[in-house]
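Trainee: Starting off with a structure, shown below.
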Amino acid sequence: MSEKIATREAYGQTLAELAATDKNLVVLDADLSKSTKTCDFAKVCPERFIDVGIAEQNMITVSAGLATLGKHVFCSSFAIFAVGRAFEQIRNSIAYPQLPVTIAATHAGLTVGEDGATHQAIEDVAIMRAVPNMTVIVPADAEETRQAVRQLAEYPHPAYLRLGRLAVEQILPADYQFQIGKGTVLRDGKDAVIFACGLMLGKALQAAEQLAAEGINTAVVNMPTIKPLDSELVCRMAKQCGAAVTVEEHSIIGGLGSAVAETLTENCPIPLLRVGVNDQFGQSGKPDELLTEYGLTVENIAAKVKEAINRK
Amino acid sequence: MDTLELQAKAKELRQEIIKMITAAGSGHPGGSLSAADILTVLYFDKMNLRPEEPDWTGRDYFVLSKGHAAPAQYAALALRGYFPVEELNGLRKLHSRLQGHPVSSKVPGIDVSTGSLGQGVSVACGLAKGLKIDKLPNHVYTMLGDGECQEGQVWEALMFAAHYQLDNLTVIIDHNRLQIDGQVEKVMNIEPLDKKLDAFGFNVLLVNGHDIEAIQNAIDKAKTCQGRPTAIIANTIKGRGVSFMENQAGWHGTAPKPEEAEQALQELA
Ligand SMILES: Cc1ncc(C[n+]2csc(CCOP(=O)(O)OP(=O)(O)O)c2C)c(N)n1
Ligand SMILES: [Mg+2]
């Protein structure tokens, strides 16, 4: 089993690596640098690290100023505060003027754990996805995060990068190539297809494995880019499999599930079921307990796949 | 309660804070300990409360704007009789009422849900303004962190409080000089805090936030001040009462290990 690394760790490490080569890179944080791991960048490049204090709205809007000068900006806080507190600043000062700022938000989803519902962003993807010009990326593991950060540093558009607190296993194969806007078939199948992102990708693969033992041949597609969605791949796999399930550590409203549902409904309707947080707030608890409590489990994914197949 | 009894109560609060955070395995000891004396004075001396009737309409309101200090508020509520002290062991555990940050719908005695910094003080303004509209005498207290004062919303709220002459509102700033990334002064300076608050139209009081009598006096003065809100800048020590936690940013959000908790409890005995 590979060493577990949180996507936020990979984010901080990659920023620190980029510091030497990308002289245009500026990183901001709002008093959470030890948690978001931008402290790794601050250590090697204090002159291009800006701590704004506990002032997320100011952080986003200062980023707009820096980006206007042509700087590559990454700014970080917890997802709930970056997206929640500073939504309108993101919309009007970053997205509308098309500034190349990456909002790299950590501690997304239920696996924040004990801090509880106030700190567990389950609607951040929905909010960011609704904003024009915004790219939304949810990496599944450390390597995918490293590649995403490197590409986003060169990316001339606003982006939202959703990262986790919890250490996760390396899920993607060694030769994996991340590309903004592209999904990847990790396991082919014909009975049903699972579209997954983030830390639920591993569970989706496990579910497919379990189903295979029961003779159900399930494809698994990694969908790190929620927007722009790889509609072509979604439709191709839908036609091939005839039933689909989406899996994400996010509300079933507005995230990957909604994005896939919109595409399928308009282009190739097939039975689709969504696994995610069922329109309710999280709570305090251990990350794994919470995933179980809210149905983000291998068993539930497998059950939903069977149900989707039954609806064919 | 006299001063000595309040001091003993504050110690109990601190013991419970350490015990519950240790049992939870996570939480925020530093800012809970710095707030303990002030919460003791509020809950055991100055606020009008009926623990047996948490929703009593004559009660004073307390809003913990720095919601991560929930353990201090939970300890005060439990020791005051709002719910059993044993329940503190459930802090931050699945299905517990005692969430990582306070939730008003779940816990008796919690009037306002907090956890996102900067918002509690605005809620307190809403309470104070509403009480004024209804011509009611209840007083509203809110406590914020000094790092929290970096949130723009805090200043929007303070401006509101002075503009509407909310003399039924007392804003207490737990001035422990630390936030997560280090010293407030180095991360994002908020000084001169007293002059800023004064310029915003507040009656400003400076106290030693660990001196029970000084806190009592300041709260009395705040209550008698007419026509403008009061801000109490309480100079405190983050982690106060546990030698190895005092003035250490690292103890902002880290639970003590069992052996560290044992030492802490010895010091607090
Ligand atoms: C809006 C918002 N941003 C960030 C956080 C994360 N956070 C929790 S506590 C804290 C530091 C608070 O420092 P301070 O206000 O000085 O509190 P104290 O020292 O009393 O613990 C931060 C940044 C938060 N809870 N809310
Ligand atoms: Mg502080």
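The values are calculated or read from the model by the stated rules, or taken from the named source; none is laboratory data. Computed from a predicted model, the values in this text were never measured in an experiment. Note: ideal-geometry Cβ built from the backbone for every residue, glycine included; neighbour counts use all protein chains shown.
Trainee: For the stretch B:15-38, which residues satisfy the criterion of being away from ligand 1 (no atom under 11 Å from the Cβ) and within 14 Å of another protein chain (Cβ to nearest Cβ)?
Mentor: B:M20, B:I21, B:T22, B:A23, B:A24, B:G25, B:S26, B:G27
Trainee: Please report, ordered by residue number, the helices (runs of 4 or more DSSP H) entirely within the stretch B:120-196 with at least 3 residues that are β-branched (V, I, T).
Mentor: Of the helices (runs of 4 or more DSSP H) lying wholly inside the stretch B:120-196, those with at least 3 residues that are β-branched (V, I, T) span B:120-133.
Trainee: For A:Y160, indicate whether it is crowded, with 22+ Cβ neighbours inside 10 Å, within 16 Å of A:G198 (Cβ to Cβ), at pLDDT 95 or above and hydroxyl-bearing (S, T, Y).
Mentor: It is true that A:Y160 is crowded, with 22+ Cβ neighbours inside 10 Å, within 16 Å of A:G198 (Cβ to Cβ), at pLDDT 95 or above and hydroxyl-bearing (S, T, Y).
Trainee: Taking the condition of being within 14 Å of chain A (Cβ to nearest Cβ), among the aliphatic types (A, V, I, L, M) and free of Cβ contacts under 8 Å to residues at least 60 places away in the same chain, how many residues in the stretch B:115-139 meet it?
Mentor: Summing the residues that are within 14 Å of chain A (Cβ to nearest Cβ), among the aliphatic types (A, V, I, L, M) and free of Cβ contacts under 8 Å to residues at least 60 places away in the same chain in the stretch B:115-139 gives 2.
Trainee: In the list A:D288, A:D279, A:D230, which residue meets the criterion of being charged (D, E, K, R) and within 14 Å of chain B (Cβ to nearest Cβ)?
Mentor: A:D288
Trainee: Follow-up question, since we're still on this one. For the stretch B:184-205, name all the residues that are more than 27 Å from A:D51 (Cβ to Cβ) and either within 14 Å of another protein chain (Cβ to nearest Cβ) or within 21 Å of the chain's Cα centre (by Cα) (or both).
Mentor: Those that are more than 27 Å from A:D51 (Cβ to Cβ) and either within 14 Å of another protein chain (Cβ to nearest Cβ) or within 21 Å of the chain's Cα centre (by Cα) (or both): B:F202, B:N203, B:V204, B:L205.
Trainee: Could you check how many residues of the stretch B:233-258 are charged (D, E, K, R) and surrounded by 21 or more Cβ atoms within 10 Å (Cβ to Cβ)?
Mentor: So the count comes out to 2.
Trainee: Output the number of the condition that A:L110 fails; it satisfies all remaining conditions of (1) surrounded by fewer than 21 Cβ atoms within 10 Å (Cβ to Cβ); (2) of a type in the set (A, V, I, L, M, F, W, C); (3) within 30 Å of A:G295 (Cβ to Cβ); (4) touching a Gly at 6+ places or on another chain (Cβ under 8 Å).
Mentor: (1)
Trainee: Right, here's the next one. Which is in a strand (DSSP E or B), touching a Ser or Thr at 6+ places or on another chain (Cβ under 9 Å) and in contact (Cβ under 8 Å) with a residue 12 or more places away in the chain, of A:V185, A:V221?
Mentor: Answer to the check: A:V221.
Trainee: Which ones in the stretch A:105-132 are of a type in the set (V, I, T) and in a loop (DSSP other than H, G, I, E, B)?
Mentor: A:I122, A:V131
Trainee: B:L98: crowded, with 21+ Cβ neighbours inside 10 Å, within 13 Å of chain A (Cβ to nearest Cβ) and away from ligand 2 (no atom under 16 Å from the Cβ), yes or no?
Mentor: yes
Trainee: Then there is this: Looking only at the stretch A:112-158, which residues are farther than 22 Å from A:P173 by Cβ and polar (S, T, N, Q)?
Mentor: Scanning the stretch A:112-158 gives A:T118, A:Q120, A:N133, A:T135.
Trainee: When you scan the stretch A:18-41, do you find a residue that is within 19 Å of the chain's Cα centre (by Cα), more than 14 Å from every other protein chain (Cβ to nearest Cβ), of a type in the set (A, V, I, L, M, F, W, C) and surrounded by 19 or more Cβ atoms within 10 Å (Cβ to Cβ), even just one?
Mentor: Within the stretch A:18-41, none of the residues are within 19 Å of the chain's Cα centre (by Cα), more than 14 Å from every other protein chain (Cβ to nearest Cβ), of a type in the set (A, V, I, L, M, F, W, C) and surrounded by 19 or more Cβ atoms within 10 Å (Cβ to Cβ).
Trainee: Kindly state which helices (runs of 4 or more DSSP H) lie completely within the stretch B:1-84 and contain at least 3 residues that are more than 16 Å from ligand 2 (Cβ to nearest atom) and either in contact (Cβ under 8 Å) with a residue 24 or more places away in the chain or in contact with a strand residue (DSSP E or B) (Cβ under 7 Å, 6 or more places away or on another chain) (or both).
Mentor: Output list reads B:3-24, B:70-80.
Trainee: Now for a separate question. Being closer than 29 Å to B:T254 by Cβ and either β-branched (V, I, T) or not assigned by TED's automatic domain parsing to the domain that holds A:R162 (or both) is the requirement here; does A:V73 meet it? If you could, list the steps in order and put the result at the bottom.
Mentor: Numbers: closer than 29 Å to B:T254 by Cβ: no; either β-branched (V, I, T) or not assigned by TED's automatic domain parsing to the domain that holds A:R162 (or both): yes.
Considered against the rule, which asks whether it is closer than 29 Å to B:T254 by Cβ and either β-branched (V, I, T) or not assigned by TED's automatic domain parsing to the domain that holds A:R162 (or both), A:V73 comes out as no.
Trainee: Among (1) within 14 Å of chain A (Cβ to nearest Cβ); (2) within 14 Å of ligand 1 (Cβ to nearest atom), which single condition is B:V103 missing?
Mentor: (2)
Trainee: Please find, within the stretch B:140-150, the residue that is farthest from the chain's Cα centre (by Cα) out of those that are within 14 Å of ligand 1 (Cβ to nearest atom) and away from every other protein chain (no Cβ under 14 Å).
Mentor: B:T142
Trainee: Within the stretch B:70-89, can one find any residue that is closer than 14 Å to B:V112 by Cα and among the aromatic types (F, W, Y)?
Mentor: Yes, the conditions are met somewhere in the stretch B:70-89.
Trainee: Now for a separate question. Could you say which residue among B:D45, B:D134, B:D55 is more than 16 Å from ligand 1 (Cβ to nearest atom), within 19 Å of B:D174 (Cβ to Cβ) and surrounded by fewer than 20 Cβ atoms within 10 Å (Cβ to Cβ)?
Mentor: Unique residue meeting the criteria: B:D45.
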